[in-house]
Amino acid sequence: MDLKALAQEMQERRSRVKRVASTRGFDATLVIGRAPDRAGDMRYLCGNKPYLSGHISRYGYRGRGFGALLLPTDSGAEPTLVCTTPFYIPPIDVEDIVIDTHFSRGIASALKRHGLTEANIGLVGVDILSVLLYQ
């Protein structure tokens with residue numbers, strides 16, 4: 001499959017998620033992924049796989065290998081990818097990328113950028129989050 005066709009397929013997949021989320025009353029969907037074992041949903045929707053940051057002292061990055069894809073249900077809103085390390089597989093057809101070694105802060109930044117800080121957000125992959133990250 002060529003890159004153009006793959007990008008179109010990813011857009012269609014994200015559109016389906018947004019439609020379902022909208023019918024369920026969500027303003028957005030946040031898809032969580034974790035390296036190396038739980039990147040499937042993010043890979044399916046944008047081709048991204050979070051990377052582990054390596055040793056916690058390496059280059060000052062303290063990300064834990066989490067990533068998130070924010071899909072606002074508003075039809076005109078573009079998705080945002082949140083990465084905990086600047087070393088990542090580039091997403092397919094997602095231009096807005098937030099890099100923050102503090103995962104929760106990165107997600108908060110993406111939500112703020114989209115005006116979704118008080119929104120009803122659907123979560124995919126919540127089972128891989130620690131209680132601390134979830135709170």
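Coordinate-derived values only; no laboratory data. Note that the structure is predicted; figures quoted are calculated from it, not measured. Counting neighbours? That spans all protein chains shown, and the Cβs are built from the backbone with ideal geometry, glycine included.
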(message) With n ≥ 4 as the cut-off for DSSP H runs, can you work out [θ] at 222 nm for the chain, using -39500 (n - 2.57) per run divided by the number of residues, rounded to the nearest 500?
(response) -9500 deg cm²/dmol
(request) Taking Rg and Dmax of the Cα atoms in Å as the quantity of interest, determine which of (i) 18.2, 60; (ii) 14.2, 44; (iii) 13.6, 39 was computed from the displayed structure. (result) (ii)
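Among bridges DSSP assigns within the chain, what percent are antiparallel (round to 5)?
Values: 12 of 20 bridges.
Once the DSSP bridges in the chain are tallied, antiparallel ones form about 60 percent.
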(message) Residues of the range 94-120 with the amide nitrogen closer than 18 Å to a label point 7 Å from the Cα of Leu6, along Cα-to-Cβ, please.
(response) 94-96
(message) Checking the cross-link filter: which lysines have an alpha carbon closer than 19 Å to that of Lys18, excluding same-chain neighbours under 8 positions apart?
(response) Lys112
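Report the gain in length on full extension from Thr23 to Ala119: 0.36 nm times residue separation, minus Cα-Cα distance, nm rounded to one decimal. All intermediate terms of the calculation are to be shown ahead of the outcome.
Working: separation 96, 0.36 × 96 = 34.56 nm, distance 1.49 nm.
Length gained, Thr23 through Ala119: 33.1 nm.
What's the extension gain from Arg105 to Arg43 if we count 0.36 nm per residue and subtract their Cα-Cα distance? Could the numbers behind the result be given before it?
Values: separation 62, 0.36 × 62 = 22.32 nm, distance 2.23 nm.
Gain on stretching Arg105 to Arg43: 20.1 nm.
For Leu52 and Asp74 in the same chain, what is the full-extension length gain: residue separation times 0.36 nm, less their Cα-Cα distance, in nm? Intermediate results must be reported in sequence, preceding the final value.
Working: separation 22, 0.36 × 22 = 7.92 nm, distance 3.15 nm.
Difference between extended and current length: 4.8 nm.
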(request) Mind giving me the nanometre distance, one decimal, between the label points for Ile89 and Arg16, set 7 Å out from Cα along Cα→Cβ? (result) 1.9 nm
(message) Can you tell me which of Ile89, Ile97, Ile107 moves the most in a GNM of the chain? Springs connect C-alpha atoms under 10 Å apart.
(response) Ile89
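How high is the relative contact order of the chain, in percent, with contacts defined as C-alpha pairs under 8 Å that are six or more residues apart?
Values: 267 pairs, mean separation 34.7, N = 135.
Rounded, it is 26 percent for the chain.
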(message) On C-alpha positions alone, give me the angle between the axis of helix 103-113 and the longest principal axis of the chain, in degrees, nearest 10.
(response) 40 degrees
(request) With springs only between Cα atoms under 10 Å apart, run a GNM on the chain and tell me which of Asp74, Asp93, Asp41 wobbles the most. (result) Asp74
